[in-house]
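The values are calculated or read from the model by the stated rules, or taken from the named source; none is laboratory data. Fair warning: this is a prediction, and the values are worked out from it, not measured in the lab. Glycine gets a Cβ as well: all are built from the backbone with ideal geometry, and neighbour counts include every protein chain shown. Protein only, heavy atoms only, side chains kept; ligands, DNA and RNA dropped before computing areas. Shrake-Rupley method; radii C 1.70, N 1.55, O 1.52, S 1.80 Å.
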Amino acid sequence: QVQLVESGGGLVPPGGSLTLSCAASGGIFTIKTMGWYRQAPGKERELVATITTSGSTYYADAVKGRFAISTDNSKSTVFLQMNSLEPDDTAVYYCHASAVTIPLPLDDYWGQGTQVTVSS
């Protein structure tokens, strides 16, 4: 079992920056992939970025060149550096992890979400 706790959300003006953090904790687990999703009001939850334990990254077209995903050395904390923020980036951002917790199989885990609001 893995618990994910996000932090770093808030209000930022257009063009500004925020960095989100997500820390994984629980029993003995092995994370395969961590990432970020977001959901704006009236829209479906969408993938923002992912990173594997090998360091491979993926970014949605809407955030390419503006956002950067990374992990700490333990691979148990994931960050999302968000630059040049736009009003369309306003959403609840959810941390996600694919992890194995023996004796459980590979499973998906979600954080509680953190609000990011881009407005002047």
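Amide H contacts under 5 Å for residue 86: 15, restricted to partners 5 or more places along the chain or on a different chain, H placed in the peptide plane at 1.01 Å from N. Model label sites at residue 43 and residue 100, defined 7 Å from Cα along the beta-carbon direction, differ in position by 3.5 nm.
On the accessible surface of segment 1-97, probed at 1.4 Å, how many percent belong to carbon and sulfur atoms?
On the way: 2410 of 4800 Å².
Roughly 50 percent, rounded to a whole number.
Starting from the exponent 0.38 and prefactor 2.2 Å, build the expected Rg for segment 79-120 from its residue count and divide its actual Cα Rg by it.
Details: Rg = 14.6 Å, N = 42, 2.2 N^0.38 = 9.1 Å.
Taking N as the residue count of segment 79-120, the ratio is 1.60.
Between residue 66 and residue 1, the C-beta separation translates, for a Förster distance of 30 Å, into a calculated FRET efficiency of about 0.35.
Give me the 1.4 Å probe accessible area per residue for the chain, excluding ligands and nucleic acids, in Å². The partial results should precede the final answer.
On the way: 6200 Å² over 120 residues.
Roughly 52 Å² per residue, with all protein chains present.
Listed values for segment 41-50 are Karplus-derived 3J(HN,Hα) couplings in whole Hz (6.51 cos²θ - 1.76 cosθ + 1.60, θ = phi - 60°), namely x, x, 10, 6, 5, 10, 6, 9, 6, 9, and x replaces Gly and Pro. Here the chain is treated with +1 on each Lys and Arg Cβ and -1 on each Asp and Glu Cβ, and its dipole about the Cα centre works out to around 160 debye. For the chain, averaging the sequence separation of C-alpha pairs within contact (under 8 Å, six or more residues apart) and dividing by the residue count gives a relative contact order of 37 percent. Which residues among segment 78-111 fall inside the zone where the amide N is under 18 Å from a point 7 Å beyond the Cα of residue 30, along Cα→Cβ? The answer is 97-109, whose backbone nitrogens lie closer than 18 Å to the label point. With a Förster radius of 25 Å applied to the beta-carbon distance between residue 53 and residue 83, the computed FRET efficiency rounds to 0.50. Say the dipole of the chain comes from +1 at the beta carbon of Lys and Arg and -1 at that of Asp and Glu; which of 70, 7, 92 then lies farthest toward its positive end? Result: 70. Direction-averaged projected area, Cα convex hull, the chain: 7.1 nm², rounded to one decimal. Each residue of segment 81-96 is assigned a 3J(HN,Hα), and the resulting list reads 8, 10, 10, 6, 5, 10, x, 5, 7, 4, 5, 8, 9, 10, 7, 9 Hz, derived from the Karplus form 6.51 cos²θ - 1.76 cosθ + 1.60 (θ = phi - 60°), x at Gly and Pro.
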